[in-house]
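The values are calculated or read from the model by the stated rules, or taken from the named source; none is laboratory data. Values in this document were obtained by computation on a predicted structure and should not be read as measured data. All Cβ positions, glycine included, derive from the backbone under ideal geometry; neighbour counts span all protein chains shown. These area figures cover heavy atoms from the full protein model, side chains too; ligands, DNA and RNA do not enter into them. Shrake-Rupley method; radii C 1.70, N 1.55, O 1.52, S 1.80 Å.
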Amino acid sequence: MNDSASPPTGPSPHVLDVTAATFADDVVERSRSVPVVVDVWAEWCGPCKMLGPLLEKLAREYDGEFVLAKVDSDRAPEVAGSLGVRSIPAVFGVRDGQILDEFVGVQSEAFIRQWLDRLLPSKAESLIAEGRALEASDAAAAGAKFSEALALEPDLAEARIGLARLALAAGRADEARATVLELERRGFLEPEAEKLKAELVLKAQAEGAPDVDAARAAVVADPRDKTLKLKLAEALAAAGRHEEALSTALDLVETDRANTGEEARKLMLAVFQLLPDDSDLVFDYRRRLSFAL
């Protein structure tokens, strides 16, 4: 944070006027890379005119550690409605597309600074973000970032997941699997860990399995052998041919539930984890699997 005693005035790149049309990009998507503070105000609101300048001053002083998104509730009533605003000024802290904290009414500068400290990422969380950005280009540097974050916060699951993800990419599946199992003992897994677990499941199923062409040829030679069809579904999933893998697995769930159908169901769930939640393919096959069961 910039500790300058006299922060600059005038327009700032860290203060945005947001409308209903720009809210998704300026708030939701932007919050995935930097925290966003949403200030819902109106021209007629006296308290808003007291709070607004203070928030703008802090946005300039923090110099990019967060972005201030100002929403005029008269010009964007749908945004205020979607946020559940009943009284203004209303302020929301958004990170990773989610509202983490909020307050209503004029507050002191000391209160807002403490509120911001809770909203802004810790040093360890910033290291994780840096590690993620490096994963594709420099795995060693990414691993160093995750390890440094873990040294600062030993219970930070995101750092463990990042290291496990790097281990799997480097071919150390056993190491990645051990991390996922350790995290799972808590009774839950974060979405990133669920995806990693699904990748490990598919990798284990694909080990020793024939490639797609060989698996398909085996099914053609003996179409009544459900085990061969399951091998084909596994080979398709391992090859990233998700739609065909889901279709093949679903057929086994429908026709051989007591035997290969259960493994086919697990395969479908693993593929679902790998795909985006809003995927049409996931929606369609989740529905079809539900009917089959």
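Compute, for residue 38, the solvent-accessible surface of its heavy atoms (probe 1.4 Å) with the complete set of protein chains present, and express it in square angstrom to the nearest 10.
Solvent-accessible area, nearest 10 Å²: 0 Å².
Starting from a Cα-only point model with no solvent, please compute log10 I(q)/I(0) by Debye for the stretch 96-174 at q = 0.17, 0.21 1/Å.
Calculated log10 I(q)/I(0) at the listed q: -0.71, -0.91.
So what's the stretch 155-273 giving for Cα Rg divided by 2.2 N^0.38 Å, two decimals?
So the stretch 155-273 has a normalised radius of gyration of 1.15.
Quote the accessible area belonging to residue 123 in square angstrom, nearest 10, computed with a 1.4 Å probe and with ligands, DNA and RNA left uncounted.
Only protein atoms counted, so the area is about 120 Å².
How much accessible area per residue does the stretch 191-282 have, in Å², with a 1.4 Å probe?
Solvent-accessible surface per residue comes out at 51 Å².
Ignoring everything except DSSP H segments at least 4 long, calculate the 222 nm mean residue ellipticity for the chain; use -39,500 (n - 2.57) per segment, divide by total residues, nearest 500.
When only DSSP H runs of four or more count, the value is -17500 deg cm²/dmol.
May I ask you to evaluate 6.51 cos²θ - 1.76 cosθ + 1.60, the Karplus curve with θ = phi - 60°, for each residue of the stretch 250-265 and list the ³J(HN,Hα) values in order in whole Hz, giving x for glycine and proline?
Once rounded to whole Hz, the list reads 4, 4, 5, 4, 6, 10, 9, 4, 6, 10, 6, x, 5, 5, 5, 4.
If the cut-off is a Cα-Cα distance under 25 Å, which lysines reach residue 197, setting aside same-chain residues fewer than 8 apart in sequence?
Those lysines meeting the cut-off are 145, 229, 231, 266.
Quick one: putting +1 on the C-beta of Lys and Arg, -1 on the C-beta of Asp and Glu, what dipole do you get for the stretch 83-126 around its Cα centre, in Debye to the nearest 20?
Computed charge dipole of the stretch 83-126: roughly 40 debye.
What whole-number distance in Å separates the alpha-carbon centres of the stretch 274-289 and the stretch 124-159?
About 31 Å separates the Cα centre of the stretch 274-289 from the one of the stretch 124-159.
Carbon and sulfur: what percent of the stretch 55-212's accessible surface (1.4 Å probe)?
50
Please compute, for the alpha-carbon atoms of the stretch 232-293, the extent along each of the three principal axes and give them in descending order in Å.
30, 24, 14
About its Cα centre, how strong a charge dipole does the chain have in debye, to the nearest 20, once Lys and Arg get +1 and Asp and Glu get -1 at the Cβ?
Here the chain has a charge dipole of around 560 debye.
So if I take the alpha carbon set of the stretch 56-128, get Rg, then get Rh from the Kirkwood formula, what is the Rg over Rh ratio?
On the Cα set of the stretch 56-128, Rg over Rh gives 0.97.
Which value, in Å³ per residue, describes the convex hull spanned by the Cα atoms of the chain?
Measuring per residue, one finds 175 Å³ for the Cα hull of the chain.
Restricting things to Cα coordinates, could you compute the convex hull volume per residue of the stretch 63-206 in Å³?
Dividing the Cα hull volume of the stretch 63-206 by its residues yields 172 Å³.
Counting only C-alpha contacts under 8 Å and six or more residues apart, can you give the relative contact order of the chain as a whole percent?
11
Give the shape of the stretch 1-133 as rounded, prolate or oblate, defined through the alpha-carbon gyration tensor: a ≥ b ≥ c are the square roots of its eigenvalues, a/c under 1.5 means rounded, and otherwise the shape is prolate if a/b is larger than b/c and oblate if not.
Oblate, since a/c reaches 1.5 and b/c is not below a/b.
Determine, from the Cβ-Cβ distance of residue 100 and residue 284 and an R0 of 45 Å, the FRET efficiency 1/(1 + (r/R0)^6), rounded to the nearest 0.05.
0.85
Across the Cα atoms of the stretch 136-200, what radius of gyration and what greatest pairwise Cα-Cα distance (Dmax) are found, in Å?
Cα only, the stretch 136-200: 11.1, 33 Å (Rg, Dmax).
Per residue, how much accessible area does the stretch 40-85 show when a 1.4 Å probe rolls over the protein heavy atoms, in square angstrom?
44
Under a crude label model (7 Å from the Cα following the beta-carbon direction), how far is residue 117 from residue 139 in nanometres?
4.0
Once neighbouring chains are kept in place and the probe is 1.4 Å, which whole percent of the accessible area of the stretch 249-293 is contributed by carbon and sulfur?
47
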